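Visitor: Quick one: the structure is below, questions incoming.
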């Protein structure tokens, strides 16, 4: 009976010192990167489906009616968006890998008496900077973009009245 208690006590003490194999899962910044990666991946898949539909639509377009140019413009825009989303997806893959490595390193440092993990100050700074970025995007989107207009015309499309007439 004594041996059983000693074995249980040692196994309990040994279990307390085990390292977390995935400390990044407790990191809010890592979780945010994973979420952004999944969002960009879903957008990429939906854009590629739309692109395939546009290719089919191009084959069905009636010649000499202007439909082909219209579809070609849509295809060009879709290709550009697919390229952007692929780059964004690759960006978040890299950010996830870097954050995972940093999280593991900092988790080890915290076990040896270094900085706390997860670092609350770093997460607060990250969240505030992301909030400002997202608020700015939303504000710009709601405000609208100024359209470039030819010189001598106004934004409404009216030509200015000539002086003296």
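Visitor: Assuming 0.36 nm per residue, please report the length gained on full extension of the stretch residue 111 to residue 25 beyond their Cα-Cα distance.
Guide: Once the chain is fully extended between residue 111 and residue 25, it gains 29.3 nm.
Visitor: Fewest Cβ neighbours within 10 Å first, please rank 84, 59 accordingly.
Guide: 59, 84
Visitor: Is any residue of the stretch 25-40 close enough, with backbone N under 12 Å, to a label point placed 7 angstrom from the Cα of residue 129 along the Cα-Cβ axis, and if so, which?
Guide: none
Visitor: I've got another one for you. For the stretch 23-116, what is the relative contact order in percent, using Cα pairs closer than 8 Å and at least 6 residues apart in sequence?
Guide: Value for the stretch 23-116: 44 percent.
Visitor: Using a cut-off of under 15 Å, list every residue of the stretch 86-114 whose amide N is near the label point 7 Å from the Cα of residue 51 along the Cα-to-beta-carbon line.
Guide: Counting backbone N atoms under 15 Å from the label point, the list is 86-90.
Visitor: Name the residues of the stretch 75-93 whose amide N is less than 13 Å from a point 7 angstrom out from the Cα of residue 58 along the C-beta direction?
Guide: Zone members listed by number: 75-80.
Any read-out appearing in this document is the output of simple, stated calculations on the displayed coordinates, not a laboratory observation. These numbers were taken from a predicted model, which means no experiment stands behind them. All Cβ positions, glycine included, derive from the backbone under ideal geometry; neighbour counts span all protein chains shown.
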